[in-house]
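I have placed the structure first, in the form of structure tokens, so that the comments after it can refer back to it.
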Amino acid sequence: MSSSLPNATPSKAVAVDAAHLSAITSHIDNNEQKPGPLLPILHDIQNDIGYIPDAAISEISKRLNLSRAEVHGVVSFYHHFSTKPRGRHIVEVCCAESCQALGGRDLQKHAKEKLGLDWYQTSKDGEITLEPVYCLGNCACSPAVRVGKQILGRVDNEDFDELIEELTTVPVTLMEGR
Amino acid sequence: MSAHNKVYIPRDSSSLSMGAEKVAVAFQLALQASDSNDTTIIRNGSRGLYWLEPMVEVDTPEGRVAYGPVKARDVESLIAQGMLEGKQDHPLSLGLTEEIPYLKKQQRLTFARAGIIDPVSLDDYLATDGYTGLKRAIELAPQAIVDEVKESGLRGRGGAAFPTGIKWQTVLGAEASQKYIVCNADEGDSGTFADRLQMEADPFGLIEGMTIAGLAVGATQGYIYLREEYPHAHEILDEAIAIAEQNNYLGDNVLGSGKAFYLEVRLGAKAYICGEETALLESLEGKRGMVRPKPPIPALEGLFGQPTVVNNVLSLSTVAIILAKGADFYKDFGMGRSLGTMPFQLAGNLKYAGLVEMAFGITLKELLYDFGGGSFNGKPLRSVQAGGPLGTYLPESQWDVKMDYEEMAALGAVLGHGGVVAFDDSVDMAEQARFSMEFCVVESCGKCTPCRIGSTRGVEVIDKIRAGEDREDNIELLEELCETMVDGSLCAMGGMTPFPVQSALKHFSEDFS
């Protein structure tokens with residue numbers, strides 16, 4: 001039960017863009033009637049596929065009558081959107097002032113060392129992507145860390161290690177092949 | 001239907017971040033094991049007393065009593081020592097919630113319901129005077145609604161403090177086939193969490209305020225532009241909007257008034273600049289969050305080029321109170337031109353961090369010590385950043401300042417969205433100054449040069465100063481750079497990034513040697 005367990009999910013890098021196409025199409029279908037549909041479409045695609053594949057940029061530009069450059073410009077503007085596959089878990093460490101006031105800088109450093117990753121890098125086993133975040137609104141319980149929908153407060157180095165241990169421990173009976 | 005006992009366990013992000021979900025599960029298991037059917041668990045919002053979270057409450061004939069901070073492992077002993085009967089024998093007992101001094105001293109108007117009700121219970125909302133403001137607004141002419149908001153003196157709580165009623169007047173007066181109400185819920189300032197708490201603890205308050213705004217200016221569509229970093233707020237808002245739709249508080253015919261108002265949450269995607277209203281509108285339209293030059297102002301040409309009210313979460317939520325209780329009630333609080341109450345947010349290195357809603361005019365020192373209890377780690381406090389990452393750092397000599405818009409401005413400081421981040425004496429203010437510039441490098445939209453390039457040069461110059469390279473010359477250069485950014489930037493991002501830097505240089509110059 002350690003972080004050296006093989007990754008249970010197939011590598012996303014091998015998934016061909018074409019395989020994503022039907023998903024991309026349906027997310028466009030679901031949102032294109034909305035005024036200003038681009039961000040909702042991108043969110044849905046990233047939530048589903050984990051990132052914004054190149055095929056999505058082409059498809060969106062065709063369907064919304066935008067240039068590829070315009071769509072790419074939007075995707076690259078926002079820190080949230082990624083154009084390459086990311087880990088199964090996105091671990092976000094708050095880098096803003098309130099967390100700095102309670103040891104946030106040490107925690108950032110520790111997180112990078114513990115995972116051997118810099119910001120926006122993904123562990124080799126595809127488990128974890130480390131990202132900075134500027135404020136989770138948890139400033140009364142600094143320092144804060146987010147994983148998916150879960151937000152953690154008063155996180156020290158040990159808590160962080162425990163979290164990583166939990167995230168990289170795959171329950172044998174519940175092994176899922178997503 | 002009403003069960004004998006009610007146990008309240010918060011579900012807002014910060015309480016969850018301190019383990020509230022585990023506590024809720026532990027209670028559920030304990031109650032199942034005890035075979036007791038007369039206890040219901042209510043998932044409320046938080047009261048904002050965050051050092052006590054997860055704070056669990058129980059109803060008693062005398063009022064609600066509290067226990068905290070509760071861990072899952074405390075649940076067994078709490079129940080064994082009579083917590084469900086409201087007994088106060090446990091070491092975690094806090095007595096009557098309303099009598100906790102931190103809460104008792106406050107003047108909760110915008111946050112009157114926070115932590116008291118189940119945020120997604122319409123019944124709870126109605127039972128606590130919810131929707132009385134909207135019902136009154138339906139009886140009023142649009143101009144009368146706008147007059148009431150003007151009369152209250154409410155100024156935008158997002159940070160810019162522009163009078164809300166005047167903004168509404170402009171939109172009301174504009175001719176257009178479609179107008180919009182946009183709620184700025186992109187609360188990006190570090191040290192602030194009031195919008196988040198409001199949305200997670202009392203979402204109907206915001207929905208009601210936006211609906212009133214729609215009736216006032218003749219807008220039928222509202223958007224809540226919510227930051228992606230708030231997943232719990234997103235869930236709760238979506239749930240509350242669906243309930244409001246099912247019960248005709250939103251939709252084609254709001255409460256039979258014959259008027260329509262639709263509401264939708266739109267997610268941001270991690271861009272601090274989208275808290276700036278014109279960048280926010282660009283983002284809502286599906287574009288890069290680039291700042292628009294003003295004029296035209298959004299009130300005349302806003303979302304999709306149509307007249308648009310852009311207001312902060314707290315401003316809109318407060319409108320519901322103003323319409324319910326009247327402008328006179330609201331403006332009785334506060335001082336000078338800062339009327340009503342301000343939800344201050346105590347954050348960073350403070351023992352008792354949390355939400356403090358008080359009339360304008362409380363001093364910073366009172367917030368830091370009477371409420372905040374001094375530093376979290378026992379070291380002396382040295383520096384306080386007020387008003388978010390673009391706000392100045394205040395040294396101890398300035399902590400007697402009264403927290404209102406004008407008094408802060410007189411010091412060259414900003415009240416902003418009401419965030420207060422405290423640092424102890426281990427803080428390196430040159431490092432903090434560097435961070436301000438670095439943050440601007442990361443978050444600048446890139447439209448104007450002083451902000452885009454100035455911030456990068458700022459980081460470099462501060463690095464040179466910290467390395468002891470031509471210190472005097474480089475400090476002078478930094479000061480000039482700050483002036484250029486302040487005077488030459490299009491919006492507050494580049495225009496205010498120098499504020500923390502200049503204040504660090506002025507009040508903490510020893511850290512730059």
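Greater than 23 Å separation of Cα atoms is the criterion. Which listed pairs, A:114/B:22; B:167/B:270; B:71/B:351; A:109/B:447; B:270/B:464, meet it?
In this structure, A:114/B:22; B:167/B:270; A:109/B:447; B:270/B:464 lie more than 23 Å apart at Cα.
If you split all Cα-Cα distances of the protein assembly as shown into 10 Å bins from zero, what percentages do you get per bin, shortest first?
The calculated distribution, bin by bin, is 3, 15, 25, 28, 20, 8, 1, 0.
With each pseudo-label sitting 7 Å past Cα toward Cβ, what's the residue B:62-residue A:61 distance in nm, one decimal?
That separation, rounded to one decimal, is 7.0 nm.
In the range B:122-331, what percentage of the DSSP-assigned beta bridges are antiparallel, given to the nearest 5?
On the way: 2 of 19 bridges.
Percentage antiparallel, nearest 5: 10.
Rg/Rh for the range B:429-512 to two decimals, with Rh computed the Kirkwood way over all alpha-carbon pairs.
Rg divided by Rh gives 0.94.
Give me the extension gain from residue B:337 to residue B:22: residue separation times 0.36 nm, minus the current Cα-Cα distance, reported in nm with one decimal.
Here the answer is 108.8 nm.
When the dipole is taken about the Cα centre of the range B:429-512, and only Lys, Arg (+1) and Asp, Glu (-1) are charged at their Cβ, what size is it in debye, to the nearest 20?
380 debye
Relative to the longest principal axis of chain A, what angle (0 to 90°, nearest 10) does the C-alpha long axis of helix A:68-77 take?
With rounding to tens, the tilt is 20 degrees.
For the range A:48-114 and the range B:266-321, what is the separation of their Cα centres, given in Å?
22 Å
Report for chain B the percent antiparallel among DSSP-assigned beta bridges with both residues inside it, nearest 5.
55 percent
With a ≥ b ≥ c taken as the square roots of the eigenvalues of the C-alpha gyration tensor of the range B:226-310, please select rounded if a/c is under 1.5 and otherwise prolate if a/b is larger than b/c or oblate if it is not?
Oblate shape, in that a/c is at least 1.5 and b/c is the bigger or equal ratio.
Rounded, prolate or oblate: which fits chain B, taking a ≥ b ≥ c as square roots of the Cα gyration tensor eigenvalues, rounded meaning a/c under 1.5, else prolate when a/b beats b/c?
Judged from the Cα gyration tensor, chain B comes out oblate (a/c at least 1.5, b/c at or above a/b).
Among A:37, A:53, A:85, which one shows the highest mean-square fluctuation when chain A is modelled as a Gaussian network with alpha-carbon springs under 10 Å?
Looking only at A:37, A:53, A:85, the biggest GNM fluctuation is shown by A:37.
How many Cβ atoms of partner chains, on average, are near each residue of B:272-280 if near means within 10 Å of its Cβ?
Across B:272-280, the average partner-chain Cβ count within 10 Å equals 1.
Residue farthest toward the positive end of the dipole of the range B:390-444, with Cβ of Lys/Arg at +1 and Asp/Glu at -1: which of B:417, B:397, B:444?
Of the listed residues, the answer is B:444.
Would you mind checking the pairs A:62/B:287; B:325/B:402; B:135/B:331; B:179/B:259 and listing those with alpha carbons more than 18 angstrom apart?
Working: A:62/B:287 16 Å; B:325/B:402 27 Å; B:135/B:331 21 Å; B:179/B:259 14 Å.
Going by Cα-Cα distance, B:325/B:402; B:135/B:331 fall outside the 18 Å limit.
Pop a pseudo-label 7 angstrom from the Cα along the beta-carbon direction at both residue B:36 and residue B:510 and give the gap in nm to one decimal.
5.7 nm
Which aspartates and glutamates have a Cα lying under 12 Å from the Cα of residue A:84, excluding residues fewer than 8 positions away in the same chain?
A:17, A:54
May I ask for the distance between the Cα centers of the range B:151-177 and the range B:94-126, given as a whole number of Å?
Measuring centre to centre over Cα atoms gives 28 Å.
Which one of B:94, B:251, B:388 has its Cα pushed farthest toward the positive end of the charge dipole of chain B, where Lys and Arg give +1 and Asp and Glu give -1 at the Cβ?
Comparing the listed Cα positions along the dipole, B:251 ranks first.
Sort chain A into rounded, prolate or oblate with this rule: let a ≥ b ≥ c be the square roots of the eigenvalues of the Cα gyration tensor; rounded if a/c is under 1.5, and if a/c is not under 1.5, prolate when a/b is larger than b/c, oblate otherwise.
The shape class here is oblate.
What translational diffusion coefficient, to the nearest whole µm²/s, does the range A:10-77 have by Stokes-Einstein, given a Kirkwood radius computed over alpha-carbon pairs, a temperature of 37 °C and 0.692 mPa s viscosity?
Approximately 274 µm²/s, per Stokes-Einstein.
Need one number: nm distance between label points at residue B:128 and residue B:449, each 7 Å from Cα along Cα→Cβ, rounded to one decimal.
5.3 nm
I'd like the antiparallel share, as a percent to the nearest 5, of DSSP beta bridges with both residues in the range B:5-100.
If I count the DSSP bridges inside the range B:5-100, around 70 percent turn out antiparallel.
Most exposed first by the Cβ proxy, i.e. fewest other Cβ within 10 Å, how do B:392, B:170 rank? Before the final figure, lay out each step's value.
Numbers: B:392 25, B:170 16.
So the residues, fewest neighbours to most, are B:170, B:392.
Residue B:487 to residue B:467: FRET efficiency via 1/(1 + (r/R0)^6), r the Cβ-Cβ distance, R0 22 Å, to the nearest 0.05?
The value I calculate is 0.20.
So what's the gap between the Cα centers of the range A:125-161 and the range B:53-71, to the nearest angstrom?
The two parts, judged by their Cα centres, are 28 Å apart.
Please give the charge dipole size of the protein assembly as shown, origin at the Cα centre, charges +1 on K and R Cβ atoms and -1 on D and E Cβ atoms. Round to the nearest 20 debye.
920 debye
Between residue A:68 and residue B:442, how high is the FRET efficiency from 1/(1 + (r/R0)^6) when r is the Cβ-Cβ distance and R₀ = 22 Å? Nearest 0.05.
For residue A:68 and residue B:442, the calculated efficiency is 0.30.
Roughly how crowded by other chains is peptide A:150-160, in terms of the mean Cβ count from those chains within 10 Å of each of its Cβ atoms?
3
Projected onto the charge dipole of the range B:37-112 (+1 at Lys/Arg Cβ, -1 at Asp/Glu Cβ, origin at the Cα centre), which of B:66, B:110, B:80 gives the Cα projection farthest towards the positive end?
B:110
How are the C-alpha pair distances of the range B:1-150 spread across 5 Å bins, as whole percents from the shortest bin up?
Histogram of Cα-Cα distances, whole percents per bin: 2, 9, 17, 20, 18, 12, 7, 5, 4, 3, 2, 0.
For helix A:17-31, report the angle its Cα long axis makes with the longest principal axis of the Cα atoms of chain A; keep it between 0 and 90° and round to the nearest 10°.
Approximately 80 degrees, to the nearest 10.
Before anything else, pin down the relative contact order of the range B:334-424: Cα pairs under 8 Å, at least 6 apart, normalised by residue count, whole percent.
About 35 percent, as a whole number.
Within 10 Å of each residue's Cβ, count the other Cβ atoms and sort B:29, B:303 from fewest upward.
By the 10 Å Cβ count, ascending: B:29, B:303.
Any idea what the relative contact order of the range A:19-178 is, in percent, if you count C-alpha pairs under 8 Å spaced at least 6 apart?
18 percent
Relative contact order of chain B, please, whole-number percent, based on alpha carbon pairs below 8 angstrom and at least 6 residues apart.
On the way: 1108 pairs, mean separation 69.1, N = 513.
Relative contact order comes out at 13 percent.
For the protein assembly as shown, which cysteines have no second Cys with its Cβ under 4.7 Å from theirs?
Among the cysteines of the protein assembly as shown, those whose Cβ sits 4.7 Å or more from every other are A:95, A:135, A:139, A:141, B:183, B:274, B:440, B:445, B:448, B:451, B:482, B:491.
Where the only charges are on Cβ atoms (+1 Lys, Arg; -1 Asp, Glu), what is the dipole of chain A about its Cα centre, to the nearest 20 debye?
Details: 17 positive and 24 negative charges, 89 e Å.
Its charge dipole is roughly 420 debye.
Run the reach check for residue B:87 against lysines, Cα to Cα strictly under 17 Å, same-chain hits fewer than 8 apart removed. What comes back?
Cα-Cα hits under 17 Å: B:6.
Every read-out reported here was derived from the displayed coordinates using simple, explicitly stated rules and does not represent laboratory data. Here the structure is a predicted model, which means the values were calculated and not measured. Backbone-built Cβ (ideal geometry, glycine too); neighbour counts: all protein chains shown.
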